[in-house]
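The values are calculated or read from the model by the stated rules, or taken from the named source; none is laboratory data. Keep in mind the model is a prediction, meaning the values are calculated, not measured. Every residue, glycine among them, receives a Cβ derived from its backbone with ideal geometry; neighbour counts consider all protein chains shown. Heads up: the accessible areas ignore ligands, DNA and RNA and are worked out on the full protein's heavy atoms, side chains in. Shrake-Rupley method; radii C 1.70, N 1.55, O 1.52, S 1.80 Å.
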Amino acid sequence: MLTPTHRLSHTTVLTVLNKMALSALAFVYSALFAHLLTLPDRVEFQLAGTIAQTGMTFVGGLSNYFAYAYPKFRDDRCAVVQTGNLVIGIASLAVWGGTWVWWWLQPVPWHLPRPWAWALLCMPWTFVFGYGSRLLQAADEMTWLNRANATQPALFTAFAAILFMVRRHTSNTALLTAAYGGWVLTNAIAAILSMTWARRQLRLPGMLQWRANRRHLLGTLRYGGWSSLAQVVSIANYRMDFWLVYALLPRSNDASVYGIAVVAAEVLLNISSAISSVVFAQMTGGERATAERLTEESTRHTLISSAMAALGMYLTFPWLIVLAFGHAYAGAIGPFFLLLPGLIAKAASNLVIQYATNTLGHARASVWMNGLSALLNAACCALFIPRWGTLGAALASTASYGLSFAVYAWWYQQQSGRPASGLVRIRTADLTPYGRFVQQLSATVRSRGSRR
C-alpha cells in the first residue's frame, strides 16, 4: 500500500516520464518535418505554431481561473464548469467567425498571410484542449491528463511518418499544406478527447451546459484576465529570442536553425510542467504552509532533475541534432549549449510563479514576473543578436532567465517570510529518491540478466 508521500512521488515520476516521452515525440516529428519541408517552409510552419500558441496561451489564462476555482469552490463546481464552457465556447466561435469574415471581405480568400490563416483555424481547438486539460488537472486526474497530453503529439508523429514515406511523390507546396492540415486535424481530435475524458472523470450534472454565473464571470475577468495577460507576457518571454532572430538577422535560414535549438533545449521545461501538474491541486486547495513546503521541495527537485537531464542532453544532443535534422542544422548546436543553463533556471521559476498565482491567488504578480524576464530578454537580444547572431540570442535568454529567477526568489522570501535558500539549497533527503530509483533500475537490470 502506497503512503500519500510515496503515491505523490510515484505519480510525479510517471508524469515526468510522460512529459519526456512527449518531448521525444516532438523531437521526432520536428526532425521529420526538417527533412520534409524546405528551410523557408519549416520556419513558416514554426511561426504558425508560435502564433497559435500565443492565442492558446491568452485564452489559457481564462482557463486558469476555472482550474483555480474548481478546487477552491467545492460546493459550486458545476457552476464553475458551466461558466467555463460558456467563456471558452464563445472565444472559440469568435476566432472562427472572425477568421471567416476576414476571408470573405478579402478579394482573394487566402489574402490573409498563410501562417496566420492556418493558425487561426487551429487556435480554437487549442482553446478547447487547454480548457479540458486544465479541468483534468484541477480534479487531480493525472493519468487522464497524461493521456490527453499525449494524444496530439502521438497522432502528429504518426502523420509525419506517413507523409515522410510519400514525400518523393509530393511537391513542396503540397507537403506544406499537408503539414498544416495534419496539425489542425490532430489538435481537433485531442480537443474532443480531452473534453470527453474531463466529462467522464468529473461526473458533474449538467456539465456540458453553457451558463453564466455572475460570481465566476467576475472571477474570470479579474483573476483570468490578469492570468491571460501574464500568459501572453510569458509566451512572449519564451519566444522573444526566436522572434528577434527572425526580425534582426537577414537570412531566413538563421531563424530556422535557431528554432531547432529552441525545440531541443525546451525539453527541460517539461520537467517543471510535470512537477507543477502533480502538486497543482494541493497548492491550490490546501493550506498555505503546505503549499510553501511543496513550492520549495518542487523547486529543488526541478533544479536537480533539470540539471541531470541537461547533463544527458549535453552528451547526446549534439550528434543527435545532426543525425536527426541533417548537417544543414549543425549551427543549432552552439545556441543549444547556451540555452540549457537558462532553461534550468526558467524551469525552477515556473514553480515560484505557480505559488503566486494558485496559492496566493495573485495572478497580477505573474504579469510583472514574466514581464521583467521578457524585458530583460528583449534588451539583451537587441544588444547581443547584431553582434553574435544566434549565439547572442541564446546567451540573452539564459542571462534573462537567470536574473529573473534571482528576483523571484527574493520576492518569495518577502511574501512567505521563509528564506529564499529553501528554494535552491539541496538537502540530502532531496537526493534520496534519485538514489532509490537508480537502485531499483539496477536491480531490474540484474534480475532480467539472471533470467537470461
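Being under 27 Å from residue 254 (Cβ atoms), assigned to a helix (DSSP H, G or I) and modelled with pLDDT under 80 narrows it down to one residue among 310, 332, 328; which is it?
Checking each option against the conditions leaves just 328.
Within the range 217-236, being within 12 Å of residue 366 (Cα to Cα) and of a type in the set (S, T, N, Q) holds for 227, 228, 231, 234. Of all positions in the range 364-386, none carries a residue that is polar (S, T, N, Q), in a helix (DSSP H, G or I) and open to solvent by 70 Å² or more (accessible area, probe 1.4 Å).
Each row is one residue, and each column tells you yes or no for (1) closer than 15 Å to residue 179 by Cα; (2) of a type in the set (A, V, I, L, M, F, W, C); (3) part of a helix (DSSP H, G or I); (4) out of contact with any strand residue (DSSP E or B) (no Cβ under 7 Å at 6 or more places or on another chain).
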site	(1), (2), (3), (4)
41	yes, no, yes, yes
46	yes, no, yes, yes
49	yes, no, yes, yes
54	no, no, yes, yes
58	no, yes, yes, yes
82	no, no, yes, yes
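The sole residue among 292, 297 that is among the acidic types (Asp, Glu), in a helix (DSSP H, G or I) and open to solvent by less than 30 Å² (accessible area, probe 1.4 Å) is 292. The one condition from (1) at pLDDT below 90; (2) surrounded by fewer than 20 Cβ atoms within 10 Å (Cβ to Cβ); (3) under 24 Å from residue 426 (Cβ atoms) that residue 403 does not meet is (1). For the residues 173, 157, the requirement of being among the hydroxyl-bearing types (Ser, Thr, Tyr) and open to solvent by 40 Å² or more (accessible area, probe 1.4 Å) singles out 173. The number of residues in the range 342-388 being in contact (Cβ under 8 Å) with a residue 40 or more places away in the chain and among the aromatic types (Phe, Trp, Tyr) comes to 1. Among the residues of the range 150-171, those that are hydroxyl-bearing (Ser, Thr, Tyr) and outside any helix (DSSP H, G or I) comprise 170, 171.
Within the span defined as the range 70-81, one or more residues are hydrophobic (A, V, I, L, M, F, W, C) and modelled with pLDDT under 85. It is to be established whether one or more residues within the range 364-381 are at pLDDT below 85 and among the charged types (D, E, K, R). Yes, there is a match, as at least one residue in the range 364-381 is at pLDDT below 85 and among the charged types (D, E, K, R).
Okay, residues lined up against (1) open to solvent by less than 50 Å² (accessible area, probe 1.4 Å); (2) under 30 Å from residue 383 (Cα atoms):
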residue	(1), (2)
198	yes, no
209	no, no
216	yes, no
229	no, yes
232	yes, yes
238	yes, yes
248	no, yes
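Would you call residue 442 among the hydroxyl-bearing types (Ser, Thr, Tyr) and modelled with pLDDT of 90 or more? No; evaluated as a whole, the condition is false for this residue. Considered as a group, the residues in the range 335-362 that are open to solvent by 10 Å² or more (accessible area, probe 1.4 Å) and modelled with pLDDT of 80 or more include one that is nearest to residue 393 (Cα to Cα), and that residue is 338.
Here residue 34 meets the list (1) open to solvent by less than 40 Å² (accessible area, probe 1.4 Å); (2) touching a Phe, Trp or Tyr at 6+ places or on another chain (Cβ under 7 Å); (3) at pLDDT 80 or above; (4) of a type in the set (A, V, I, L, M, F, W, C) almost entirely, failing just condition (3). Could we say that residue 181 is closer than 27 Å to residue 28 by Cβ, in a helix (DSSP H, G or I) and open to solvent by 20 Å² or more (accessible area, probe 1.4 Å) here? Against the criterion (closer than 27 Å to residue 28 by Cβ, in a helix (DSSP H, G or I) and open to solvent by 20 Å² or more (accessible area, probe 1.4 Å)), residue 181 qualifies.
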